Every structure is written in structure tokens, then in C-alpha cells.
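Chemist: Structure incoming, see below.
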Amino acid sequence: MNARRLWTVARLELVQRRRTSRWPLVLGAWFVVIALVTFASWRAVREAEFASGPSLYDVTTFFVLMLGMLVVPSLTATTVNGDREHGVLATLQTTLVTSWELVLGKLLASWVVSMCFLATALPFLTWAWVAGGLSFGRILLSLLVLVVVLAVVAAVGLMFSTLTARPVASAVLTYLSLAALVFGTLIGFLLTAVLLTDTVTVRVNGVPESYWASSVEPPVTSGPGPDGGVPQPTQADCEEFTRTEEVSRTDRLWPLLAVNPFVVVADAAPSRLAETGTFTGGFTPMRWISDGARDAKSGPGGGGVVRDECSWLPEAGAAVGDGAASDAAFEARERAQEAADRARRDANPVWPWGLAFLVSLGLVSIAVAEQRVRTPVRRLPSGTRIA
């Protein structure tokens, strides 16, 4: 393989796209749309005690990936059969350019164009980093994974461009394949989760059933119950016990979510709650996707973590109406629960598996495309133009 010939193919493809398309206008429109979305997100979450970086990061990354899944297929889904339809491909195949150089050159050209679209979002990701609540490493990792995902999308479009004779057919097949990855995996997961259920035993820290059937006098500090009923339990009434539940076995279905491009990008560098004391919540779709996927992988048992159902109860011996003490105890238990959830999710990443699948899909697509442009051609579909 000759790097110079490969770059020549890529350069010809880029020059052709620049002459036949209005890419400056498209890039400008892309920049304006992302700017408006990011600015609207910043206006919605800007508060003195609120780190708006995670919201800006999630919204920008989510929007760039969504637009990338729409634009990138159009860059490669018509590149080979379009050249064949215009009588350009056969002329190129008679030169010293090999089939691998031809395929990789066209893929490189489409990838470079997609990187131009990604570059327009870098100022807004920098804005998210400056706004606080994020580390530079998280942003860098998400960008690297996003670059790989866009390359895989381009490879899938290139494969269909070699498999079909008409550009319209290859574009439709590419978008249908990506829709299956994005929406089909999610729909399949939700439908299968309803059907695949099992009885499992979970560990719970809560009020046992025996408490509600007990006739023992409650502590004086807990106060009488309404209408003479059973009074409100306290932390002292909680016990750790096991409970049998009918649950969905998401721990057997999580690979359906792992192959979703949005899950891969979201889970690679989620904008989780920081431990600095600064609230970093808000509208964070990428973090919600990541948390949902990792919770699905850990399964209904929660990875052996005890489920706390007593965090909202008052402390034993607390005076009736002592709201400050109850709130402080509640916040302490909530922080402990968040730390346990964070540790469980950190132990169950799904993005390495999903990224490995997408990379494999991209490599298979490139191999198929190379086979389809290899010369001499023994058999061509009916109606295919040679020169």
C-alpha cells in the first residue's frame, strides 16, 4: 500500500466535494445550530451554586453525535456507486491505485469532512470545561470515542455504496442500518426486558413486615400514628433482610444497549456528580444514558449492594418536629447512597464492549468494500455502468 496514492484518492475526493457541494454554508449552519443549542442550555442552568459544565457537555456531545449520524452517511453512502454512475470509477481502477488504497482513500476523505464538523463543536466543549464540573480527561476521552464512532458510520456507508448500483439505495440501506443500531437496539431491549423476567433475592435495609403487624408500643419520640393507626417507623426499626422479587433480568440483555452508538459515547466519559460539593445536576442526557446502561448491566440485584429503603425515615430518638436534624441525617444518608451507586456503576462499564463491536463492524465493512471494488470484476449487477 502506497501512502501517496492513498492520499491522492482522498484529495481528489475532497476537491470533488468542495466543487460540487456548498460545504461552507453547511458548516456555518451547523455551527449556528450548535451555538444556539449550547447557549440555550447555558441560560437554563446558570446558577451561582450550580456547575453548568456537565449540562453543556452532555447537550453539545449528544447534539453533535445526533447530527453526525445524519450527515456522515451522506458523505460515503454515494461515493463509490456515484463514481461508477458517472463513469469515473473505472478510469481510476485502471491506474496503479489498488483496491485497498481506493477504499481507504475515500474513507479518509469522508472522515476528514466529518472531523471538520466535529471541530466546529470544540469551542462549545471548551466552554463546558471552563464552566466547571468536568475534567479535561473526560472531554478528551469522549472526543476520541466520538471520532471512532463517526469513522465506523462512514465505513458502513462506504460498504453499502459498493454493494448497490444506485446511490439512493445505498443511502437508504445505510440510514436503516444506523436506525437499527440506535433505535432497534433500544426497542429490542425494552420489549425483551418485559418478557425476560426471573425471581431473584435482593438485600434490603428497610422496615420488615413484622413491624406493621406488631402490637408493641412505639417510641414516645416517634409520635402517635394518624387516626390511632400504626405510627411512623424510625431508623431504629430498620433491619437488613432479604426479599424475593419478580424482576427483569437486564443483566442478560445489556449487550443490546452496549452496541448502541449513543450508549458507547455517553458511557465512555459520563458527566457524573462531582465530589467537590458543587451541584452538577441539570439536564444531562448522556449521564442518564450511561447510568441506565450500567444499572442494566449490574442487574436487579444491584451487584450485591444493599438497597436502602430507610433513608427518608427520622433518626431514633429525634424530637418531633426537629426538621434540621432530620434533614441533615437524610442528606448524609443520601450522600452515602450516591457514593455506593457511583462505585457500583464505575465497576460496570459497557462502553469497551460496545466500542469493540463498532470497531469490528467498521473493519468488516471496509473488508467488504475492498472486495467489491477489486479488479478484475467477474460479475456485476444488471444495469451497472462500467465506464
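The values are calculated or read from the model by the stated rules, or taken from the named source; none is laboratory data. Everything numeric in this text was worked out from a predicted model, so none of it was measured. Positions of Cβ are generated from backbone atoms using ideal geometry, with glycine treated the same way; all protein chains shown enter the neighbour counts. Accessible surface areas use protein heavy atoms only, side chains included; no ligands, DNA or RNA. Shrake-Rupley method; radii C 1.70, N 1.55, O 1.52, S 1.80 Å.
Chemist: Show the residue pairs meeting these rules: Cβ distance below 8 Å; 6+ apart or different chains; first residue within region 353-372 and within 19 Å of residue 145 (Cβ to Cβ); second residue of a type in the set (Phe, Trp, Tyr).
Modeler: Listed by first residue and then by second, the contacts come to nothing, as the list is empty.
Chemist: Which of (1) open to solvent by 20 Å² or more (accessible area, probe 1.4 Å); (2) in contact with a helix residue (DSSP H, G or I) (Cβ under 6 Å, 6 or more places away or on another chain); (3) at pLDDT below 85 is the odd one out, the single condition residue 200 does not satisfy?
Modeler: For residue 200, the failing item is (2).
Chemist: Right, here's the next one. Quick one: count up the residues across region 170-197 that are over 30 Å from residue 68 (Cα atoms) and either at pLDDT 80 or above or among the acidic types (Asp, Glu) (or both).
Modeler: 3
Chemist: Check whether at least one residue in region 137-147 is modelled with pLDDT of 85 or more, in contact with a Lys or Arg (Cβ under 9 Å, 6 or more places away or on another chain), open to solvent by less than 10 Å² (accessible area, probe 1.4 Å) and under 22 Å from residue 356 (Cβ atoms), and report yes or no.
Modeler: Scanning region 137-147 turns up no residue that is modelled with pLDDT of 85 or more, in contact with a Lys or Arg (Cβ under 9 Å, 6 or more places away or on another chain), open to solvent by less than 10 Å² (accessible area, probe 1.4 Å) and under 22 Å from residue 356 (Cβ atoms).
Chemist: Looking only at region 342-373, count how many residues are among the hydroxyl-bearing types (Ser, Thr, Tyr), open to solvent by less than 50 Å² (accessible area, probe 1.4 Å) and more than 17 Å from residue 110 (Cα to Cα).
Modeler: 0
Chemist: Considering only region 174-191, state which residues are hydroxyl-bearing (Ser, Thr, Tyr) and within 19 Å of residue 290 (Cβ to Cβ).
Modeler: Passing the criteria: only 185.
Chemist: In region 72-95, what count of residues is obtained for those that are open to solvent by 20 Å² or more (accessible area, probe 1.4 Å) and under 18 Å from the mean Cα position of the chain (by Cα)?
Modeler: Number of matching residues: 0.
Chemist: Looking at 172, 156, which one is open to solvent by less than 30 Å² (accessible area, probe 1.4 Å) and either in a helix (DSSP H, G or I) or not acidic (Asp, Glu) (or both)?
Modeler: Exactly one residue qualifies, and that residue is 156.
Chemist: Still on this structure, please answer the following. Is it fair to say residue 105 is open to solvent by 30 Å² or more (accessible area, probe 1.4 Å) and either assigned to a helix (DSSP H, G or I) or free of Cβ contacts under 8 Å to residues at least 12 places away in the same chain (or both)?
Modeler: no
Chemist: Residue pairs, Cβ under 6 Å, 6 or more apart or interchain, first in region 259-270 and closer than 15 Å to residue 68 by Cα, second part of a loop (DSSP other than H, G, I, E, B) and of a type in the set (A, V, I, L, M, F, W, C). List them.
Modeler: Within 6 Å, no pair qualifies.
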